[in-house]
Amino acid sequence: MKIPIELIRIVVALVAVMAWVGLNALLLVYCERKYAGHIQRRPGPFEVGPHGIIQPLIDGLKLMAKQLLMPDGADAILFWLAPILSMIPVLLLFLCIPYSPLLTGWEVNLGLLLILAFAGLNVLALLLAGWGSNNKWGLLGAARAVSQSVAYEIPLLLAVLAIAFQTGTLNLTEIVNGQGSWPWQWNIIVQPLAFLIYFTSILGETNRAPFDLPEAESELTAGFHTEYSSMGFGLFFMAEYANMVVVCSVATVLFLGGWKGPFFDGWWWFLAKTYVLLFVMIWLRWTYPRVRFDQLLNINWKWLLPLAVANLLGTAFLMKVFA
Amino acid sequence: MNAIRKNVIQPIIDLWSLIVGLKVTGKYFCQRHVTVHYPRKIIPAELTDTFAGHIELIPSAKDPTIPKCISCMMCATNCPSNCIKVLKQKAPKVSPEQEKEWAEAEARGEKVKRPKAPKNPAKFSYDYSLCSLCGTCIENCPVSSLRFSHDIYIVATDRKELTMDLLARLARQAEAQAGKPADRAPGVLEQAAEAGQEASAKEA
Amino acid sequence: MTRYPNMEQVTGDFYTQNFEKGAREGSLILNMGPQHPSTHGVLRIILELDGEYILRCDPVLGYLHRMHEKMGESKTYRGFIPNMGRVDYGCPLPWNWAFVGAVEKLAGIEVPERAEYIRVITTEMNRITSHLLWWGAYILDLGAFTPIMYAFDEREWLLDLLQTPTGSRLTYSSFRVGGVGHDIDDKFIEGLKAFIPYFRSRLPMYKDLVTDNIILRKRVEDIGPMPLDMCRRYGATGPVIRGSGLAYDIRRAEPYGIYDRFDFEIPTQDTCCCMGRYKVRLAEFEQSLRILEQAVDQIPDGPIIMDKAPKPSWKPPKGEVYFAVEGARGKTSVYLVSDGTKSPYRVKLRAPGFSNLSLFAEAAQGTLLADAVAILGSLDLIIPEIDR
Ligand code: SF4
Ligand code: SF4
């Protein structure tokens, strides 16, 4: 029996992706805490390892060593399904991201569509977590998560669609190939509004401050993951950070020229750009207060959506006129 | 015109306020942080000198191991939290023969010097876990034998450790002052403090 | 501001809307606290929600009751002073002053000049530290993590300074009947003189980072209206009533100590909303700095405590006395009955936080859960003070 080469490639990529997700989560947690510390004029983690570099690892170990608790009256299946469900789609998402022409786990023609479709699954996990844990705070958090994610998906899609219109493809590799090495050849120059809409929407999609309402600490204690302990919480946590990496990677592909950069193209440009975007996300989180729920939806329906539609129509019109 | 102002210009001004916020946090991100890295560095002594920690006894001028205290009990009775316990010293035991001799001498009309109990306390225990650091004991001591220590680094893993024997503490201090080897190895804190001082000296 | 559209379905007078036991149709009963990140301690609030709208709410007190008033009846006058440092850990010196002031008024004691100045200086510094703590914690409630760290930067400096005349960093009990416990030195004055311009230079940063921020403004403007008559009904004082437009400040209304010698303003706002109370507190920074500047210039030399200050076993004359001061949270006062023995017959503490909290239930009705957090924070509550 001949094993198709494509299958081997996917399996290898999947294993690599798992390691990569874990590594990224650790690195990102460390970066977030360090950035936060420096913004607040304190050192951040400092004691475990040189400059606290292995602190996230130790924290992960601590999380694993804790007891897995399930509250009385919780729906056991949903309760345990939720963290797993939040993690698995993220792994798939990583598969399709083109880090460089060679470093692409799985090249699909509809890569963009796949990513957006699977990213939508995350909200289901949040809903199950909030609903299944038999906790009122969790319920409120889940309700917030659903309406927020559903709402912010629309401008996100519209912004991405503008790029798809322009490049005429949904294949991520080709989108990158359509851009040049120098910053002025990137899509962000042509589509600045789409980039801004995209960036705002991913804050809402990934529940990051100032749109972190589903887990708003000062209002809902911990929102949908109030009742999770140990790795149940750990998986949500990892998935959140992995999601951040995915959406920022997609932003890099769509708007910032992917692996292309001045002088030497390659995966290092990809990583650098992704991490710059992540840094901006963290910076925003540690600067702003949280918006209120109705304001959050108002921003979406009254500002982002009309702007995204206008942007899309404008793109379509210009494409028709100049093409 | 008003509509344009409300719907176009105002949102732009509002968005600008967000950029201003980012500028502030960005500025601090690039600045040095203000945390003192304890225990590698410690805060300057002038800050600990004004701190009022637990109470301690002041040694008398003659003997640094003996406090000025005259066991008058003012502190123990006036403490609102009842955290001081002072035990007076008993008069030394006298043998019956000695007693008899003195009685005879008195009968002869001579003056006898009977040994009196020493004034300094036999025991001075203090429960830091109860103390409210109000200073009543210090203000009411007739011989000013009490003061606040400046020990900000005190730690305990057990409530019982906070009940201190202040006389023993005084003896330890006296020993340390006399340059005798202390009866315990220097703790982590003291080592850290020294290292910190060295480090800050080097930096300066 | 968004309000619950079907408010009329909640019937009855506000005071009679008690919570019945058991499940209710169409609404969710939610226990906010006693452990909740934004109740700052152990306040419990029972909420009845429809979606995220609050139909009614009911604060439940008593989780931090320490019987300070009862303890007063068994302690000597000197022995009760440390309790005053613990009633309100955020701003203990006005409580100190309220109690020693009451005793002094009862016994007709004159306080030396220098002690009066030290009292003013330390109390105003304490007011600033208290407002800084509130500012940071309030913005934290609204979801921004960083400002509290910047506020603590200044607060630490002030605490370092306050350590000289009080000896501690949090629960000060440095006032004595007839004076103060510790003197201040030149180093303290120098430090304070350096701090005042530094703090002034930091205030614009507060404005840029927080006050002008559009997200924050949308969160607090027009939220939690407390009109003046409502404040009066519940006996609100301090920044809460000043945020509703009434310039009521004990330092002006019934001057005590030497406050009549200083030139300062009483900031008011008439928006009655959370932003009004926020702005009043920020403006009070500047007024406290002004008082500090004048006091530091005028302070005379002399004793810090009267001759023959009362000993612990001292007995005041028989009588009743009431003494009020302006704390960081409002009118802080002590009502004292003496029967001529070593300890008071009755000590009644009037905590401003208690009256201010009682406005919450009415103001939060019909608002969103997130607004309730904003309203609660804007009252500047310190739970130990409410329960005493
Ligand atoms: S400081 Fe106050 S509470 Fe502490 S021992 Fe002295 S009198 Fe007692
Ligand atoms: S008041 Fe002073 S002299 Fe009297 S027992 Fe206490 S420490 Fe000793």
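Which of the residues spanning the range A:32-58 are surrounded by fewer than 17 Cβ atoms within 10 Å (Cβ to Cβ) and more than 14 Å from chain C (Cβ to nearest Cβ)?
Within the range A:32-58, A:E47, A:V48, A:G49, A:P50, A:H51, A:I53, A:I54, A:L57, A:I58 qualify.
Of everything in the range C:123-155, what is more than 10 Å from A:P289 (Cβ to Cβ), facing chain A (nearest Cβ under 9 Å) and of a type in the set (A, V, I, L, M)? Give them in sequence order.
Selection gives C:I148, C:M149.
Could you please let me know if B:S132 is out of contact with any Phe, Trp or Tyr (no Cβ under 8 Å at 6 or more places or on another chain) and over 20 Å from B:T65 (Cβ atoms)?
Spelling it out, B:S132 is indeed out of contact with any Phe, Trp or Tyr (no Cβ under 8 Å at 6 or more places or on another chain) and over 20 Å from B:T65 (Cβ atoms).
If I filter the range B:73-93 down to residues being without any contact (Cβ under 8 Å) to a residue 40 or more places away in the chain and open to solvent by 100 Å² or more (accessible area, probe 1.4 Å), which single residue comes out as farthest from ligand 2 (Cβ to nearest atom)?
Restricting to residues being without any contact (Cβ under 8 Å) to a residue 40 or more places away in the chain and open to solvent by 100 Å² or more (accessible area, probe 1.4 Å), the top hit is B:K93.
Check whether at least one residue in the range C:89-100 is open to solvent by 20 Å² or more (accessible area, probe 1.4 Å) and among the aliphatic types (A, V, I, L, M), and report yes or no.
No, the conditions are met nowhere in the range C:89-100.
Report the residue count in the range C:73-98 for those that are within 14 Å of chain B (Cβ to nearest Cβ), more than 16 Å from ligand 1 (Cβ to nearest atom) and over 13 Å from the mean Cα position of the chain (by Cα).
Final tally of qualifying residues: 1.
Of all helices (runs of 4 or more DSSP H) completely enclosed by the range C:171-239, which ones contain at least 3 residues that are modelled with pLDDT of 85 or more, open to solvent by 50 Å² or more (accessible area, probe 1.4 Å) and of a type in the set (D, E, K, R)?
Where helices (runs of 4 or more DSSP H) fall fully within the range C:171-239 and carry at least 3 residues being modelled with pLDDT of 85 or more, open to solvent by 50 Å² or more (accessible area, probe 1.4 Å) and of a type in the set (D, E, K, R), they are C:186-206, C:228-234.
Would you confirm, using the coordinates I've provided, whether C:R329 is within 17 Å of C:F80 (Cβ to Cβ) and at pLDDT below 90?
Here the answer is no, as C:R329 does not meet what is asked.
Could you please find all residues in the range B:125-148 being in a loop (DSSP other than H, G, I, E, B), hydroxyl-bearing (S, T, Y) and within 14 Å of ligand 2 (Cβ to nearest atom)?
Matches in the range B:125-148: B:S144, B:S145.
Among the residues of the range C:247-261, is any among the aliphatic types (A, V, I, L, M), farther than 21 Å from C:G181 by Cα and modelled with pLDDT of 90 or more?
No, the range C:247-261 contains no residue that is among the aliphatic types (A, V, I, L, M), farther than 21 Å from C:G181 by Cα and modelled with pLDDT of 90 or more.
Being under 30 Å from B:S149 (Cα atoms), aliphatic (A, V, I, L, M) and assigned by TED's automatic domain parsing to the domain that holds B:L170, is that true of even one residue in the range B:90-113?
No, the range B:90-113 has no match at all.
Could you tell me whether A:L140 is open to solvent by less than 40 Å² (accessible area, probe 1.4 Å) and at pLDDT below 85?
The answer is no for A:L140.
Select, from A:L277, A:L318, A:L307, the only residue that is touching a residue at least 24 places away in the same chain (Cβ under 8 Å), farther than 26 Å from C:T146 by Cα and part of a helix (DSSP H, G or I).
Matching residue, one of A:L277, A:L318, A:L307: A:L307.
Given (1) basic (K, R); (2) within 22 Å of C:I250 (Cβ to Cβ); (3) without any contact (Cβ under 8 Å) to a residue 24 or more places away in the chain, identify the lone condition not met by C:R44.
(2)
Yes/no per residue for (1) surrounded by fewer than 17 Cβ atoms within 10 Å (Cβ to Cβ); (2) over 14 Å from A:F236 (Cα atoms); (3) within 14 Å of another protein chain (Cβ to nearest Cβ):
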| position | (1), (2), (3) |
| --- | --- |
| A:I84 | yes, no, no |
| A:M87 | no, no, no |
| A:I97 | no, yes, no |
| A:A125 | no, no, no |
| A:L128 | no, no, no |
| A:N135 | no, yes, yes |
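Which condition does B:E56 not pass, out of (1) under 33 Å from the mean Cα position of the chain (by Cα); (2) open to solvent by less than 30 Å² (accessible area, probe 1.4 Å); (3) away from ligand 2 (no atom under 16 Å from the Cβ), if it passes all the others?
It fails just one condition, (3).
Take A:G22 and decide whether it is assigned to a helix (DSSP H, G or I), small (G, A, S) and open to solvent by less than 10 Å² (accessible area, probe 1.4 Å).
No; evaluated as a whole, the condition is false for this residue.
Considering every residue within the range C:292-302, establish whether at least one is under 21 Å from the mean Cα position of the chain (by Cα) and modelled with pLDDT of 85 or more.
Yes, the range C:292-302 contains a residue that is under 21 Å from the mean Cα position of the chain (by Cα) and modelled with pLDDT of 85 or more.
For residues in the range A:285-298 being within 24 Å of B:V8 (Cβ to Cβ) and touching a residue at least 40 places away in the same chain (Cβ under 8 Å), which is surrounded by the fewest Cβ atoms within 10 Å (Cβ to Cβ)?
Here the residue is A:L297.
Does A:L277 qualify as being out of contact with any His (no Cβ under 6 Å at 6 or more places or on another chain), within 14 Å of chain C (Cβ to nearest Cβ) and open to solvent by 10 Å² or more (accessible area, probe 1.4 Å)?
Here the answer is no, as A:L277 does not meet what is asked.
Within the range A:241-261, is even one residue on the phi > 0 side of the Ramachandran plot and not hydroxyl-bearing (S, T, Y)?
Yes, the range A:241-261 contains a residue that is on the phi > 0 side of the Ramachandran plot and not hydroxyl-bearing (S, T, Y).
Can you name the number of the only condition in (1) at pLDDT below 85; (2) open to solvent by less than 40 Å² (accessible area, probe 1.4 Å) that C:M1 fails?
(2)
Report yes if some residue within the range A:284-291 is within 30 Å of C:Y138 (Cβ to Cβ) and in a helix (DSSP H, G or I); otherwise report no.
So far as the range A:284-291 goes, yes, one or more of its residues are within 30 Å of C:Y138 (Cβ to Cβ) and in a helix (DSSP H, G or I).
How many residues does the range B:105-144 hold that are away from chain C (no Cβ under 14 Å), over 27 Å from B:R159 (Cβ atoms) and either open to solvent by 50 Å² or more (accessible area, probe 1.4 Å) or within 16 Å of ligand 1 (Cβ to nearest atom) (or both)?
Qualifying residue count, the range B:105-144: 14.
Take the conditions among the aliphatic types (A, V, I, L, M) and within 14 Å of ligand 2 (Cβ to nearest atom) and apply them to B:I43. Does it pass?
Considered against the rule, which asks whether it is among the aliphatic types (A, V, I, L, M) and within 14 Å of ligand 2 (Cβ to nearest atom), B:I43 comes out as no.
Kindly indicate whether C:C272 is in a loop (DSSP other than H, G, I, E, B) and not acidic (D, E).
Considered against the rule, which asks whether it is in a loop (DSSP other than H, G, I, E, B) and not acidic (D, E), C:C272 comes out as yes.
Going by the conditions given, is B:C83 within 14 Å of chain C (Cβ to nearest Cβ), at pLDDT 85 or above and either away from ligand 1 (no atom under 16 Å from the Cβ) or touching a helix residue (DSSP H, G or I) at 6+ places or on another chain (Cβ under 8 Å) (or both)?
It is false that B:C83 is within 14 Å of chain C (Cβ to nearest Cβ), at pLDDT 85 or above and either away from ligand 1 (no atom under 16 Å from the Cβ) or touching a helix residue (DSSP H, G or I) at 6+ places or on another chain (Cβ under 8 Å) (or both).
Assuming B:T35 fulfils every condition listed in (1) away from ligand 1 (no atom under 12 Å from the Cβ); (2) open to solvent by less than 50 Å² (accessible area, probe 1.4 Å); (3) within 12 Å of chain C (Cβ to nearest Cβ) apart from one, which condition is it?
Going through (1) away from ligand 1 (no atom under 12 Å from the Cβ); (2) open to solvent by less than 50 Å² (accessible area, probe 1.4 Å); (3) within 12 Å of chain C (Cβ to nearest Cβ) one by one, B:T35 breaks only (2).
The values are calculated or read from the model by the stated rules, or taken from the named source; none is laboratory data. Every value quoted in this text rests on a predicted model; they were computed, and no experiment measured them. Cβ: placed from backbone, ideal geometry, glycine included. Neighbour counts: every protein chain shown. Ligands, DNA and RNA are excluded from the accessible area calculation, which covers all protein heavy atoms including side chains. Shrake-Rupley method; radii C 1.70, N 1.55, O 1.52, S 1.80 Å.
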